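The structure under discussion appears below in the form of structure tokens.
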Amino acid sequence: MRRKLIPLLVIMILSAGAAFALAFAIEWLPEQASVQGKRIDQVIWLTVVICVVVFAIVAAASVYAVVKFRAKPGDEEDGPPLHGHTGLEITWTAIPTALVTLIAVWSGIVVVQNDRLPEGSRVILVEARQFAWGFEYPELGGIRTGELFLPVNQPVELRMTSPDVIHAFWVPEWRQKQDVVPGITTFYRITPTKEGIFPIVCTELCGLGHSVMRNQVNVMSEEAFEGWLAEQRAGVDAGGTDLGLRVFANQGCAGCHALAEAGASGAGGPDLDSVLPGQSAEQIRESIMTPDATISEGFSSGFMPSYSQLPDEQVEALVGFLLGAAGGSSG
Ligand code: CUA
């Protein structure tokens with residue numbers, strides 16, 4: 001009896017080896033860059049290990065049965081009638097039940113842990129709309145950015161709202177994902193652990209521009225973030241072309257538009273270096289406030305959101321900056 005089990009064991013070990021190699025030799029997941037993401041990855045890998053073990057057992061039993069109990073050529077007989085095996089059936093019901101319960105309980109614990117942030121964590125307001133992200137920093141007196149800026153290793157709570165349809169906030173490197181639903185405020189709690197620039201992706205089909213509803217989060221060192229905060233405060237007060245460039249960067253215009261003056265190379269929308277020259281301040285302002293009023297050749301309406309919620313001072317600074325960048329006179 002023991003002897004007969006050896007081929008079964010060999011197939012099992014080979015299948016498990018192949019599946020483990022496939023699971024672990026290839027980097028399936030993006031870099032892991034948050035406290036919460038680490039917990040989520042632990043659940044993912046626990047599930048993968050359980051799946052590989054179950055796969056190896058099923059593969060071994062299947063391959064062994066196919067080879068060993070194959071009908072001989074010319075054998076037209078029916079197989080012998082079998083009445084099952086109660087012990088075996090209890091085993092193959094009880095073990096998967098225990099494993100699935102383990103995954104469920106572990107996941108539940110992770111969800112609760114990931115939802116918990118220390119008192120007094122930084123709060124940032126997020127507005128998701130067709131088709132742009134807006135981030136508002138209460139400590140900056142209402143300044144809004146299109147790109148998210150955060151210090152590393154500090155927990156932060158994003159309070160998210162949408163004025164139009166359902167969107168979903170996702171940073172692959174952070175793993176966490178959360179819907180943004182009109183009419184309610186949803187929360188996204190995260191503690192980034194790595195500095196760098198990571199993509200922000202909308203993962204809920206929200207209309208024509210869903211695929212371009214992306215931006216990025218810039219996770220900085222504590223000092224760099226304090227510097228950025230100070231710069232923002234100064235920029236808001238200072239005004240002028242410098243503020244215009246900052247608004248261009250903060251609102252994430254570079255995500256869709258190319259503009260040499262700003263070092264931007266986005267390709268989702270019109271190339272500003274070619275469409276700006278010859279435009280008046282009024283035309284530029286109109287394109288910012290009501291983008292669908294005039295559509296550049298080759299582009300469709302409904303993609304660019306209106307920036308009419310920007311403070312006047314920032315709109316004027318942006319218009320001035322764009323006029324200057326187009327080679328016109330600033331004004
Ligand atoms: Cu917003 Cu998809």
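The values are calculated or read from the model by the stated rules, or taken from the named source; none is laboratory data. Bear in mind the structure is a predicted one, so any value in this text is a computation, not a measurement. Methodologically, a virtual Cβ is constructed for each residue, glycine included, from the backbone with ideal geometry; neighbour enumeration extends over all protein chains shown. Only protein heavy atoms, including side chains, enter the accessible area calculation; ligands, DNA and RNA are left aside. Shrake-Rupley method; radii C 1.70, N 1.55, O 1.52, S 1.80 Å.
Residues in the range 54-70: is at least one in a loop (DSSP other than H, G, I, E, B) and either out of contact with any helix residue (DSSP H, G or I) (no Cβ under 7 Å at 6 or more places or on another chain) or at positive phi (or both)?
Kept after step one, since they are in a loop (DSSP other than H, G, I, E, B), are these residues of the range 54-70: 69-70.
Filter once more, so that each one left must be either out of contact with any helix residue (DSSP H, G or I) (no Cβ under 7 Å at 6 or more places or on another chain) or at positive phi (or both): 69-70.
The answer is yes; a qualifying residue exists.
Would it be correct to say that GLU286 is without any contact (Cβ under 8 Å) to a residue 24 or more places away in the chain, touching a helix residue (DSSP H, G or I) at 6+ places or on another chain (Cβ under 8 Å) and among the charged types (D, E, K, R)? Outline the logic, then answer.
Details: without any contact (Cβ under 8 Å) to a residue 24 or more places away in the chain: yes; touching a helix residue (DSSP H, G or I) at 6+ places or on another chain (Cβ under 8 Å): yes; among the charged types (D, E, K, R): yes.
When the stated conditions are applied, GLU286 passes them.
Return yes or no: is ILE95 more than 16 Å from the ligand (Cβ to nearest atom) and surrounded by 12 or more Cβ atoms within 10 Å (Cβ to Cβ)? If you could, list the steps in order and put the result at the bottom.
Numbers: more than 16 Å from the ligand (Cβ to nearest atom): yes; surrounded by 12 or more Cβ atoms within 10 Å (Cβ to Cβ): yes.
Yes.
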Looking across the range 141-165 at residues that are closer than 22 Å to ILE40 by Cβ and assigned to a loop (DSSP other than H, G, I, E, B), the single one that is farthest from the ligand (Cβ to nearest atom) is ASN153
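Please work out if ARG129 is at positive phi and of a type outside the set (S, T, N, Q).
Details: at positive phi: no; of a type outside the set (S, T, N, Q): yes.
No; evaluated as a whole, the condition is false for this residue.
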List the number of the failed condition for TYR307; all other conditions in (1) out of contact with any helix residue (DSSP H, G or I) (no Cβ under 6 Å at 6 or more places or on another chain); (2) in a loop (DSSP other than H, G, I, E, B) hold. (1)
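One line per residue, one yes/no per condition, for (1) part of a loop (DSSP other than H, G, I, E, B); (2) at pLDDT 80 or above; (3) open to solvent by 70 Å² or more (accessible area, probe 1.4 Å); (4) within 20 Å of ILE200 (Cα to Cα):
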site: LEU245; (1), (2), (3), (4): no, yes, no, no
site: ALA249; (1), (2), (3), (4): no, no, no, yes
site: GLU261; (1), (2), (3), (4): no, yes, yes, no
site: GLY268; (1), (2), (3), (4): yes, no, no, yes
site: ASP273; (1), (2), (3), (4): no, yes, no, no
site: GLN283; (1), (2), (3), (4): no, yes, yes, no
site: ILE288; (1), (2), (3), (4): no, yes, no, no
site: GLU297; (1), (2), (3), (4): yes, yes, yes, no
site: GLY302; (1), (2), (3), (4): yes, no, no, no
For the range 102-137, give me each residue that is assigned to a helix (DSSP H, G or I) and either touching a helix residue (DSSP H, G or I) at 6+ places or on another chain (Cβ under 8 Å) or open to solvent by 70 Å² or more (accessible area, probe 1.4 Å) (or both). LEU102, ILE103, VAL105, TRP106, SER107, ILE109, VAL110, VAL111, VAL112, GLN113, ASN114
